[in-house]
């Protein structure tokens, strides 16, 4: 029996017991009072008039809602301009913060990037495999194929989430975090509709496959940003990448102008390494953690447990 079932059973037994007890009490026969009640020489004084009902405590003041910023700008043709980098970072930067917390936000963004790099390094097999699948997302031809991305992508981001960690850092309040979330959600919604309707006749049914791909890409934007930086820094070293042996074909691919070709070749070479060697190579390009952390969350030093379906492979 699970913990939830045990709790439900205990509650059920408690309720049943209360019902049985109430029924039993209802069957108690109360003796009839005597015909003439005994005289009572003492007459108690009349009770005082009821006092006014005590004043109810006032509800605690809640933080005022923060108006979400807009992340939407349009070009001369009226189309929404795609944001580069993290939409959540853009949402945080768009908040009107006082100078002291704006400075704290900048420290948080540096720390979050380093935390993300650390997460990539210690979970390198999962994160590299997930990113490899993400690079080939355009090759997917049906939604069912995209399901294989769900588990590895779910393990490819550190916890807590980007915005939740920003609130824990003290850079933003809970209300500001929620405003940033609404701004990001509004941007994704409007941009996605624009992309899905591009080239479609008015009233045409939206393409579910394209919509799902957009959703996966946006969910993995932080992984895309940090992983592409790590891989491109390593690729720029060419044959001077310490600890990594490359074939002639892989070495040639590192200078390819096609980012997918360049990064895929490097991922394949990295995944062929033992765990510790792979982590060492990646850590050489990772952003170092600040000496003083402002987020009260421990930095993991061990990889997450592998989940079924978290492996790599071709689309």
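Structure data summary
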read-out: Condition check for residue 257: under 30 Å from residue 194 (Cα atoms) and either within 21 Å of the chain's Cα centre (by Cα) or part of a loop (DSSP other than H, G, I, E, B) (or both); value: yes
read-out: Residue count, region 252-284 (criterion: closer than 19 Å to residue 132 by Cβ and buried (at least 16 other Cβ atoms within 10 Å of the Cβ)); value: 16
read-out: Condition met for residue 199 (at positive phi, without any contact (Cβ under 8 Å) to a residue 12 or more places away in the chain and over 14 Å from the mean Cα position of the chain (by Cα)); value: yes
read-out: Odd one out for residue 95 among (1) crowded, with 20+ Cβ neighbours inside 10 Å; (2) assigned to a helix (DSSP H, G or I); (3) more than 17 Å from the chain's Cα centre (by Cα); (4) at pLDDT 95 or above; value: (2)
read-out: Qualifying residue in region 74-86 (condition: assigned to a helix (DSSP H, G or I), in contact (Cβ under 8 Å) with a residue 12 or more places away in the chain and over 26 Å from residue 301 (Cβ atoms)); value: no
read-out: Only listed residue being over 27 Å from residue 272 (Cβ atoms), touching a helix residue (DSSP H, G or I) at 6+ places or on another chain (Cβ under 9 Å) and buried (at least 17 other Cβ atoms within 10 Å of the Cβ), chosen from 80, 120; value: 80
read-out: Some residue of region 190-209 being part of a helix (DSSP H, G or I), surrounded by 20 or more Cβ atoms within 10 Å (Cβ to Cβ) and touching a helix residue (DSSP H, G or I) at 6+ places or on another chain (Cβ under 7 Å); value: no
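Conditions tested, residue by residue: (1) free of Cβ contacts under 8 Å to residues at least 24 places away in the same chain; (2) farther than 27 Å from residue 214 by Cβ; (3) outside any helix (DSSP H, G or I).
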| site | (1), (2), (3) |
| --- | --- |
| 108 | no, yes, no |
| 126 | no, no, no |
| 138 | no, no, no |
| 152 | no, no, no |
| 165 | no, no, no |
| 171 | no, yes, yes |
| 180 | no, no, no |
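The values are calculated or read from the model by the stated rules, or taken from the named source; none is laboratory data. Predicted, not measured: the structure shown is a model, and the values here were computed from it. Quick reminder, even Gly has a Cβ in these numbers, built from the backbone with ideal geometry, and neighbours come from all protein chains shown.
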